[in-house]
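Presented below is the structure to which this report refers.
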Amino acid sequence: MKVIVIRDTVHASDEPEPFSFDIADDAPHQAVLRRAANRAWLPSIQGDRATWAIISNQTLAVVAYQWPDIKFLPGLDGRMRAADRSRGVLRLHFKYLAQTDPEAVYDMLRRPGPRAGGARSTQPGASTVAAPADERRDYAYQPAWRAMGFRVGIFSAAGLFLGYGAAHDHRAWTIDGLIALTADQASLYAWVLTMGCAGFVLAALWQGFRRLTSPPPRLVLTRTSVIIPTWRGDQSIDYGAIRKLDVITVRGITLLLIHHADGKARIFRALTPSKAAFDEIRDWIKARAPGAGR
């Protein structure tokens with residue numbers, strides 16, 4: 001089993017790299033989390049006091065630099081069964097809680113019951129802190145294997161058909177009854193379309209290769225903004241800048257269209273893990289964007 005671990009930043013210039021390792025599929029859950037809490041990978045904090053929560057769909061354990069060992073949440077077996085896994089890869093996220101009293105954090109997180117709306121610790125002397133699962137959520141944001149396979153299949157078939165026609169069918173074409181092409185022009189046009197199909201196939205294969213060899217892009221929801229991966233880099237949008245939200249479907253493609261102060265952003269349903277995740281993302285943003293209802 002491969003384990004990929006990411007963590008929060010601890011200051012403005014901190015740029016953490018993911019930490020990954022391989023471990024036996026039947027390794028105890030405690031051993032997996034202890035190895036993930038690698039002090040050589042976690043950043044040094046002045047005073048050597050820091051608190052982290054290990055999250056994978058839900059909180060699994062609490063790490064404190066001042067503790068000799070990490071503390072696991074009750075029902076760890078069930079929590080690990082519900083963790084973020086796909087194709088033999090387990091993904092963990094270390095949530096930075098600064099110098100919050102780790103005993104207070106652990107006491108709050110181990111209590112049963114929902115914490116929707118930001119449950120808070122009331123233990124004397126403890127810093128007030130929202131449960132990590134209520135502060136931030138992140139989702140893999142990438143095409144599904146089925147979608148990539150479909151694109152490879154359909155564009156391969158179209159490319160073969162068009163390429164065969166370009167090589168053997170030397171006839172004039174009329175496009176939509178409006179554009180007349182000579183035989184040579186029709187052949188050239190078919191070759192251009194063939195190359196376009198080949199480009200789509202190569203792009204899908206490249207996405208598949210990146211998915212196998214790299215951590216997936218993450219769509220992140222924080223308390224103040226939504227961070228959307230794009231081909232130009234991550235796009236961060238403050239909730240206060242959002243003016244309107246629309247769920248639209250165009251030619252079978254469903255997306256969340258975000259109108260904000262600087263333009264528009266899109267979250268594609270097909271790139272989120274599931275319809276439930278897409279709906280959760282929409283509801284999270286709508287609940288935190290004051291102007292979205294106008």
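The values are calculated or read from the model by the stated rules, or taken from the named source; none is laboratory data. Quantities reported herein were computed from a predicted structural model and do not represent experimental measurements. Every residue, glycine among them, receives a Cβ derived from its backbone with ideal geometry; neighbour counts consider all protein chains shown.
Things worth noting here:
- Looking at V105, V62, just one residue is in a strand (DSSP E or B) and either within 27 Å of S214 (Cα to Cα) or β-branched (V, I, T) (or both), and that residue is V62.
- Set A261, A204: member being surrounded by 18 or more Cβ atoms within 10 Å (Cβ to Cβ) and modelled with pLDDT under 90: A204
- Residue match in segment 220-231 (condition: over 14 Å from F278 (Cα atoms) and modelled with pLDDT of 90 or more): yes
- Some residue of segment 271-293 being assigned to a strand (DSSP E or B) and in contact with a Phe, Trp or Tyr (Cβ under 8 Å, 6 or more places away or on another chain): no
- Residues located in segment 59-103, provided they are surrounded by fewer than 20 Cβ atoms within 10 Å (Cβ to Cβ) and of a type in the set (G, A, S): G75, G78, A82, A83, S86, G88, A98
- Number of residues in segment 64-86 that are in contact with a helix residue (DSSP H, G or I) (Cβ under 8 Å, 6 or more places away or on another chain) and either free of Cβ contacts under 8 Å to residues at least 40 places away in the same chain or over 25 Å from S274 (Cβ atoms) (or both): the value is 9.
- Positions within segment 201-224 being assigned to a helix (DSSP H, G or I) and in contact with a helix residue (DSSP H, G or I) (Cβ under 7 Å, 6 or more places away or on another chain), in sequence order: V201, A204, L205, Q207, G208
- Residues of segment 210-242 classified as surrounded by 14 or more Cβ atoms within 10 Å (Cβ to Cβ), charged (D, E, K, R) and in contact (Cβ under 8 Å) with a residue 40 or more places away in the chain, total: 2
- Verdict on D77 being acidic (D, E) and in a loop (DSSP other than H, G, I, E, B): no
- Residue in segment 177-200 that is under 30 Å from E280 (Cα atoms), assigned to a helix (DSSP H, G or I) and not assigned by TED's automatic domain parsing to the domain that holds N57 present: no
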